[in-house]
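One structure below.
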Amino acid sequence: MLLREAQSLLGRPFIINRIGVKLDDPYAAQEVAKRIEGRYAYKAESWQERSQDFLALLITRNVILYSVVSAILLVASFGIYTVVSNSVADKRRDIAILRSMGFSLRDLQLIFVMEGLALALIGIAVGWALGWVLMEILGSLNFPLGGDNARVPLDRSPRQYGIAAAASLLAGSVAAWLPARKAAKVDPVDILRGAV
Amino acid sequence: MSALIEAAHLSRILPGDPPVTLVADVGLTVEPGAFTTIVGPSGCGKSSLLYLLGLIDRPTGGTILFEGQDVTPLDGDERAALRLRRLGFVFQFHFLLPEFTAFENVILPMRRLGVLKGADAEARTLQLLDTVGLKAKADTTPDHMSGGERQRVAIARALANDPVLILGDEPTGNLDSGNSATVVETLRTLAHEQQRAVVCVTHDPSVAAAADVRISMLDGRIVGVER
């Protein structure tokens, strides 16, 4: 539609209030707006500037979201730390036996790290299943907005599951490795002599 | 016959105020094919000497030659590798892994060493259990075995990687006389028929009497050697 025809239709000839520019790359809006302002001396506003409050809200939401997720991961890591730490304490005799057999300190640490990783893997599997169910429930909810039935936009891509698994494995490895180092400090002599 | 172990001026002193001397200026040789016992009163340093010879503990002085190699300066992992390949231990308390069956306990050092794998390792495990008369108990866990049976499984495990030296810390200490005689006979056979060196710490006069070499200790020192 020509500009002139649009003005006639709106009953506002010779008046232009706003020109919208659609870009292939929406994230180039700020740069393009700057160029338009420089070239035509009209005020040009990118969508990011117009939606600054909303974007700030999204950033705040993400900060809260990641803080909560990190806190949950930290608690889970403490769980793994405690389990492996108790396991090292309970298995002091077995550690001494394995040392006498010729297992190296690295072998022993590996055994306990594997225990922690096994716990992390179980946690990942359960977390994936629970996450999938929760997303299904959340995705099925209808929110009546402006007469339409809107649904919560959810990113259910495998990438999200991958990120969750990688973060859990990393946290699990560190949480298991810290107490596993204690296994190397067990002195087999006292235990094998029955003194401990 | 060349010595398997030659220890010279061996000492182990625990730091403290005052320091505690466990082993003082000990020299001895261990030869293959001999059943050697170390005897002496409690606290005389027998077990401490055994753990030094078994490369589990480190001497604070002196040297240990194992098969001609000075093992004193080896680090923890090098000692562990040597124990895995060349040494086997039998303790007073059987020290089997309680969650594992007899078969799994015996095959464990083989799996770690990795020389024998799969069916070969399994066949050797069954053969070792057969040697100590416990093939039928291969799938039994230690808590379902008698003390003597557990100790025989421990001997089978000590033999897993075909060691040249078997060390026993009171291996009959928790056994009745019948089981004790069986264990001693097994150890003697390992020394005499398979040319392994067997060194055992013991309080038991019947075990000491069965030995080819008897080393007497007092206050961390060797005070007598009988052959």
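Shielding value for A:91-100 is 5, the average number of Cβ atoms from other chains within 10 Å of each residue's Cβ. The calculated pair-distance distribution of region A:66-192 uses every alpha carbon pair, bins of 10 angstrom beginning at 0, and gives 12, 32, 23, 15, 10, 5, 2, 1 percent. When the alpha carbon gyration tensor of chain B is reduced to an equivalent ellipsoid, its three semi-axes come out at 29, 20, 16 angstrom, largest first. Annotation: for a label point projected 7 angstrom from Cα along Cα→Cβ of A:Met114, residues of region B:71-100 with backbone N closer than 17 Å are B:97-100.
Backbone phi angles across region B:219-227, fed through the Karplus curve with coefficients 6.51, -1.76 and 1.60 (θ = phi - 60°), yield HN-Hα couplings of 6, x, 10, 7, 10, x, 10, 10, 10 Hz in residue order; Gly and Pro are listed as x. Our helix-only sum for chain A, with -39,500 (n - 2.57) per DSSP H run of n ≥ 4 divided by its residues, gives a mean residue ellipticity at 222 nm of -24000 deg cm²/dmol.
Arranged by the count of other C-beta atoms within 10 angstrom, fewest first, what order do A:Met114, B:Met145, B:Met110 take?
Sorted ascending by nearby Cβ count, the order is A:Met114, B:Met145, B:Met110.
As an equivalent ellipsoid, region A:102-141 spans semi-axes of 38, 5, 4 angstrom, where each value is the square root of five times an eigenvalue of the C-alpha gyration tensor, largest first.
Let me know the mean shielding of A:186-193 by other chains, meaning the per-residue number of their Cβ atoms within 10 Å of its Cβ.
Mean shielding by partner chains, rounded to a whole number: 5.
Couplings 3J(HN,Hα) of region B:26-41, computed from phi: 8, x, 7, 10, 10, 10, x, x, 10, 9, 10, 10, 10, 10, x, x Hz, in residue order, whole Hz [Karplus 6.51 cos²θ - 1.76 cosθ + 1.60, θ = phi - 60°; x for Gly and Pro].
Counting, for every residue in B:72-85, the Cβ atoms of other protein chains within 10 Å of its Cβ and taking the mean gives 3. Over chain B, dividing the summed -39,500 (n - 2.57) contributions of all DSSP H runs of at least 4 residues by the number of residues returns a 222 nm mean residue ellipticity of -11000 deg cm²/dmol. Given a cut-off of 12 Å, what percent of all Cα-Cα pairs of region A:3-48 lie beyond it? More than 12 Å apart: 65 percent of the Cα pairs in region A:3-48.
We did not get these values from a lab; they are worked out from the coordinates using the rules stated. On a predicted model such as this, the values are computed, not experimentally measured, just so you know. Here Cβ is always computed from backbone atoms with ideal geometry, including for glycine, and neighbour counts include all displayed protein chains.
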